[in-house]
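The structure appears below as structure tokens.
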Amino acid sequence: MNFIIDIATLTSVSSLFYTVMLVILFVFRRQNKDLDMILWWCGFPFFRLINSLISSDSIQYNNDIYIYIGNISVILSDIMLMIGCYKFSNLKIRWPLIFVFLLSFIALSIYQYNIGADLSQRSQGFVYFALIPVILSTYALSLLPNKEYLIEKFFTIFWIIFQVGIFAFWTIINFNFLNGDYEQALIFSLALSYLSHIFITLGLIILTIARKRNELTQESRIHKKLAASLNDVLVKAQAANNEKNAFLANMSHELRTPLNTIIGFSESLKLEYYGTLNEKQKEYLGYINGGGEYLLRLVADLLHLSKIEEGKIDIILENINLNKLINQTLPLLNEIIIGEDNNIILIDNVGLSSPKITTINIDKIRVKQILINLVSNAVKYGNEKSSVTLTIDDLDATFFRFSVSDQGDGIEKSQYKNIFKPFNRAGKKNSNIEGVGIGLSISKQLIEDMNGKIDFKSEVGVGSCFWIDIPKTPQRSLPIGAAK
Ligand code: ADP
């Protein structure tokens, strides 16, 4: 079979492929802006495309000037390939040498054009120049580590060497070592050359993908290491925290016994069981007793906090009538209010005694504990004339809201973030109001364990309002049709 390749078809088809490759590389470049070598690699199919467009037109092809322009664009395309490979392998690029190289080729082309060099002379000059950047590209890629780029590297190098082989073949033809139909041999080798360009471009694409893959692998390795060391730190912190909690629990137990002794004996002395006392003695015993009580409360709070942190506090949720809870809790809260005639102002926005009132699902001891803490704070941080208000609202289908408000000094905005932090007194550290800053953090943990919420609003000089949202007993949905 007489198989003849037509040069115009060959160059048109390869132009199409170069365009496709150029578009793919360009899209890659847009998506990976950090890999600037891709832009240089875009130059490879681009200048090849120019050459094949020039060669596809037989009128141009037979015109010397276009052949020279085509040759220069091939050299440019190989230079672009080389720069990209150098950048990819992190090698130093010697720009002056590259410029001298390019200018020399242009000068040679001008000279050959002027003397009207024949095809053989032209081709020899072109092949020798084209070989240099192609061989240097192979060298740059050969330095890539096999471990990370094995397949991609050898795939690309194979096609570059293939191209070198074609150049060698052209040199042989030019020296007239072959007998026979040169033109067909040239066109056939040209077809292979175009094929190798397409595979070289494919190689460049898979190399950039490999670079991204390696970056991701490295990142994930770093993340794994980081996660492992974080885990270590977490385990250590957990262990330290457990030790701290155990220490707190032990100390609290140890402190409670002598404290109870101090409180008990000072109480009985004050009551004059063992003989009468003068006023001064009574006053001082009052201080001893009060101090003891305060320390005992503090120790109890510390113990509580350490138990909460260890998850040792049992929350027993039960359905309780809201009215009943208030009736039981109000007297306790009123006891905290200073001054015998003063009482908590109760604002009932839900109709507490209504028979339809929904029950709440809480641990009532814990809710009382939280309310006592909120009311104690309202008393402590409210000024002398301040009244304390407890408001009960039907918030929505899920919660009732209990708000405790006072007309105290309020809280500075900058301290909002510290309010629920344990042992943080939110700027009141140096005030003469007693406290260690754990009441609200305990309250927060307790209410959250009951599926509720705690929050506050405050205005300096106007007062504060702390509230807890208490979950209602979930309503069982009626079967369809039962509501008629
Ligand atoms: P303590 O009262 O022992 O300091 P809390 O945890 O109960 O601890 O409160 C933390 C901090 O929140 C208090 O030190 C205080 O600065 C601020 N705070 C709490 N309640 C009020 C309130 N009603 N008015 C103003 N500040 C308050």
**Message:** Taking the conditions exactly as written (among the β-branched types (Val, Ile, Thr) and buried (at least 18 other Cβ atoms within 10 Å of the Cβ)), does residue 110 satisfy them or not?
**Reply:** no
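Among the residues in the range 411-418, are any under 40 Å from the mean Cα position of the chain (by Cα), part of a loop (DSSP other than H, G, I, E, B) and surrounded by fewer than 18 Cβ atoms within 10 Å (Cβ to Cβ)? Can you show your working first?
The initial filter retains those residues of the range 411-418 that are under 40 Å from the mean Cα position of the chain (by Cα), namely 411-418.
Then keep just the ones that are part of a loop (DSSP other than H, G, I, E, B); that gives 411-412.
Among the residues that remain, those that are also surrounded by fewer than 18 Cβ atoms within 10 Å (Cβ to Cβ) are: 412.
Within the range 411-418, one or more residues are under 40 Å from the mean Cα position of the chain (by Cα), part of a loop (DSSP other than H, G, I, E, B) and surrounded by fewer than 18 Cβ atoms within 10 Å (Cβ to Cβ).
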**Request:** Could you list all residues from the range 341-376 that are more than 25 Å from residue 441 (Cα to Cα), among the hydroxyl-bearing types (Ser, Thr, Tyr) and not in a loop (DSSP other than H, G, I, E, B)?
**Result:** 359
**residue 437 of a type outside the set (Asp, Glu), closer than 21 Å to residue 334 by Cα, in a loop (DSSP other than H, G, I, E, B) and within 11 Å of the ligand (Cβ to nearest atom)** = no
**Message:** Return the pair list, or none, for Cβ contacts closer than 7 Å from residues in the range 427-441 that are closer than 15 Å to residue 378 by Cα and hydroxyl-bearing (Ser, Thr, Tyr) to residues that are part of a loop (DSSP other than H, G, I, E, B) and at pLDDT 85 or above, at least 6 apart or on different chains.
**Reply:** none
**Fill in**
With criteria (1) at positive phi; (2) of a type outside the set (A, V, I, L, M, F, W, C); (3) at pLDDT 90 or above, residue 415 comes up short on (1)
**Prompt:** Can you pull out the residues in the range 440-456 that are of a type outside the set (A, V, I, L, M) and more than 8 Å from the ligand (Cβ to nearest atom)?
**Reply:** 444, 445, 448, 449, 451, 452, 453, 455
**Residue in the range 452-459 that is touching a Gly at 6+ places or on another chain (Cβ under 8 Å) and either at negative phi or crowded, with 20+ Cβ neighbours inside 10 Å (or both) present** = yes
**Request:** Tell me which residues, restricted to the range 377-392, are more than 8 Å from the ligand (Cβ to nearest atom) and assigned to a loop (DSSP other than H, G, I, E, B).
**Result:** 383, 384, 385, 386, 387, 388
**Asked** Do we have residue 348 as surrounded by fewer than 18 Cβ atoms within 10 Å (Cβ to Cβ) and free of Cβ contacts under 8 Å to residues at least 24 places away in the same chain here?
**Response** no
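Does the range 233-244 contain at least one residue that is within 27 Å of residue 446 (Cα to Cα), of a type in the set (Val, Ile, Thr) and at pLDDT 85 or above? Spell out how you get there, then give the answer.
Within the range 233-244, the subset within 27 Å of residue 446 (Cα to Cα) is 234-244.
Remaining after also requiring of a type in the set (Val, Ile, Thr): 235.
When the remaining residues are screened for being at pLDDT 85 or above, the result is 235.
Yes, the range 233-244 has at least one match.
Any idea which residue in the range 457-473 is nearest to the ligand (Cβ to nearest atom), counting only those that are among the polar types (S, T, N, Q) and assigned to a strand (DSSP E or B)? Give the derivation first.
Let us first name the residues in the range 457-473 that are among the polar types (S, T, N, Q), namely 458, 464, 473.
From what's left, assigned to a strand (DSSP E or B): 458, 464.
Values: 458: 6, 464: 4 Å.
Among those that are among the polar types (S, T, N, Q) and assigned to a strand (DSSP E or B), it is 464.
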**Asked** Looking at the range 419-428, is at least one residue more than 11 Å from the ligand (Cβ to nearest atom) and surrounded by fewer than 19 Cβ atoms within 10 Å (Cβ to Cβ)?
**Response** no
**Prompt:** If you scan the range 393-413, which residues turn out to be more than 30 Å from residue 307 (Cα to Cα), more than 7 Å from the ligand (Cβ to nearest atom) and of a type outside the set (Lys, Arg)?
**Reply:** 393, 394, 395, 396, 397, 407, 412
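The values are calculated or read from the model by the stated rules, or taken from the named source; none is laboratory data. Computed from a prediction, not measured in an experiment: that's the story for all the values here. Every residue, glycine among them, receives a Cβ derived from its backbone with ideal geometry; neighbour counts consider all protein chains shown.
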